[in-house]
């Protein structure tokens, strides 16, 4: 008998239908909650509730159908399995909640035999659930079996491949390989190891691993392998000496690892042996090359520096050491005129001659780089004096060598000597002292010189200033100042001269001459001189000063191919008239063979820039007035310094007269007081500058 359900087309049944729907929803929610406590469900609570609501409706239909739809109920059980409601208590909880709900549902109370129908439906649900769960388990077991079988097959294949790979590596490896017991007994050895040891694999297999190494190293190797087997080392890599069949030692690297079983227990050892005999020889050769000069085979600067400390410490405390630092004179002329190959032969010859000079002495001879050599002598009671050794060096080097049919080639050397320095001096400090001494000898034009502590202090101070000059320029410590150029007769300001001024934070104000000298030692002469020229022109133009501007050029600046272009550019950008600028050319540059400075002066004259000749002091300088379009000369500083000497006074008067006869104006510097000004006036000088004259036009800063 079928119990009619409320239908939506009957208005009187709508309230009953809505209540039934709410009850079904409540039942699905309760069922979902209970079943979620029995199994992990790969669904959200909302998804489970929707699925179970559908299943509840299907069960209601199965109960009220006549006869009951048992297949539908079985399908509901199967669907529970599909939803993974397969926990240990999932079915029991489902039957409990569904049985109570179906029996208490008001809409089902009019159904005849409701209890029997519910029992049949729930039984069919259980049957469908169990059958589907059994099939699912069977499928999963079959899938698991297939997966395990596949894993087993793959494992066997990997074992076969691994074994084949091991055999290939073991047999074909270029490195020697030995498989041993934990006590070192050899189980297998490959052909490469047999070749290295000059034995057969069978002979090696009858030995222990420790029979292969030098007897002096067996103990250390046993100890290292014991650490490896005990697990205190993960991998062993050591260098050891092997012993071949002929007894000759060979260097090799042992790289060993432990082979463990499935539970991690050590079973065997595998050792890879690389023959390092050739590598060791190569490393020694490379080490020698890294510390020795390839050309002369002498120690290089690095080796010399590292040995200095030991030699200083080992030397006789009362006699000490002597360091000779040599730099060949004019070596670039040899290589430039006769070729690099001949220059190399000369360097090898110098090395051989130095060995001859110091033969019998405890001396370390090195090539420090280029054409520089160093000799450190550990003085003894029989060591000759410094002067004697210097004379031997110069005499030996002066002996000409005849190379490839060339006339005899001989060299000389400038030598800086540091005699008996303090024992606690560092190698770097000693080399620095010898280098500064050598440079001082070269600047003085001498052949050799001894280290002087006071001169060394002065040179280091100068070099420190020179090194800091670029930074000072960058930070604005170096400025442009001016001094007036005054008529000797009458004192009128005829012009101004731009000069450098370094406001040093420690040394105070450094004058123009010092700045120029330091710039020449650091390569700043040209860029700093160009900056002085450009800055001075711009400042004079901006200040509206009416008198001409003089800027003294350095030798490099005077011969610079870019000088004319630089002056053109700064005149155009500043608006200064060309006749207002008077660059000063050193006389020596105008007489140089290259003629670059002379060409610059002539081109400047063509565009209206009237140059001056500075450092004017030799008879030959007068020819500049004949060949150059300039009519202003400035006497050289060394002439001014000796102006009162009878020999200089006569030539000075003749020089001034010659300049006047050429129509040139004569300028002098360094006028300190009125007496000097009168002295120059009597000699015929026209323009003067110096501490006596301080008035500057236009508020220009003084130098």
Requested in this report: Could you work out the relative contact order of the range 173-281, using alpha carbon pairs under 8 angstrom and six or more residues apart, expressed as a whole percent?
Outcome: 28
Query - Average Cα contact separation per residue, the range 75-153, under 8 Å, 6 or more apart, as relative contact order % - result: 48
Query - Mean Cα-pair separation over length for the range 470-699, i.e. relative contact order, pairs under 8 Å, 6 or more apart, % - result: 19
Query raised in the report: Is the chain best put as rounded, prolate or oblate by its Cα gyration tensor, with a ≥ b ≥ c the root eigenvalues, rounded for a/c under 1.5, and otherwise prolate when a/b is larger than b/c, oblate when not?
Result: oblate
Query raised in the report: Using alpha carbons only, how many degrees (0 to 90, rounded to 10) separate the axis of helix 525-543 from the longest principal axis of the chain?
Result: 80
Query raised in the report: Rounded if a/c is under 1.5, else prolate if a/b is larger than b/c, else oblate: which is the range 551-638, with a ≥ b ≥ c the root eigenvalues of its Cα gyration tensor?
Result: prolate
Report task. Sort the following peptides by mean Cβ neighbour count (other Cβ atoms within 10 Å, averaged over residues), highest first: 308-318, 361-371, 642-652, 560-570. Result -> 361-371, 560-570, 308-318, 642-652
Report summary line: Expressed in angstrom and rounded, the centroid-to-centroid distance over alpha carbons for the range 502-538 and the range 678-697 is 25
Query raised in the report: Among rounded, prolate and oblate, which fits the range 470-699 when a ≥ b ≥ c are the square roots of the eigenvalues of its C-alpha gyration tensor, a/c under 1.5 means rounded, and a/b larger than b/c means prolate?
Result: rounded
Query raised in the report: Over what distance in Å are the Cα centres of the range 344-396 and the range 553-611 separated?
Result: 49
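Throughout, read-outs are computed from the coordinates displayed, never taken from laboratory work. Everything quoted here is computed from the prediction, not taken from an experiment. Every residue, glycine among them, receives a Cβ derived from its backbone with ideal geometry; neighbour counts consider all protein chains shown.
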